[in-house]
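Asker: Structure in structure tokens, see below.
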Amino acid sequence: MFLTVAGLLLAGCAPGDRGLRSFEAGAGPDEFSVLPQRELTLPESLSALPPPTPGGTNITDPTPRADAIAALGGRPAAARAGGVPAADAALVAAAGRNGVDPTIRAELAEADRAFRERRARFSLFGGAGEERYFRAYAPFALDARAELRRFRNMGVATPTAPPAE
């Protein structure tokens, strides 16, 4: 009887499948580095095939930038032109008006890793049924209604937001 109860108690402490919300860093695959290949198609005429270019691209190679541009209604050739198209120069200038930090991704990744490591030390025994991931990031969750009130109080137009209460 005692062994059965002890076994059930230990089984309840098992971490289970935490997936992407796990705090432990692993050497698993990077889900963002996998790009699907395009379908192989036979052109209407074999003379329409481009000549092979050693070291060049293949017509079935993935082109995520060009695909994204086409999906948003742009011209996929703009992705291959290099640089910023003249029509987008003002947008790029406005986005970078306060400067661009080339190391921001690495800095944020390091700060997040340190934050998760600090929180993991102090949350050895979590709440009943509550995941550590959500508890660790709860202070950073935005209250949509409070943000809407804040923007309206500043005079920002919010035409797609729900009406004021």
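Please treat every number below as a calculation from the coordinates, not as lab data. Model, not experiment: these values are computed from the prediction. Virtual Cβ from ideal backbone geometry, glycine too; neighbours counted across all protein chains shown.
Asker: How long are the three semi-axes of the equivalent ellipsoid of segment 56-107, in whole Å, if each is the root of 5 times an eigenvalue of the C-alpha gyration tensor, listed from largest down?
Answerer: For segment 56-107, the ellipsoid semi-axes come out as 25, 16, 10 Å.
Asker: Order of 47-58, 136-147 by packing, highest average Cβ count within 10 Å first?
Answerer: 136-147, 47-58
Asker: Multiply the residue separation of residue 66 and residue 47 by 0.36 nm, subtract the distance between their alpha-carbon atoms, and state the gained length in nm to one decimal. The partial results should precede the final answer.
Answerer: Values: separation 19, 0.36 × 19 = 6.84 nm, distance 2.50 nm.
Using 0.36 nm per residue and subtracting the Cα-Cα distance, I get 4.3 nm.
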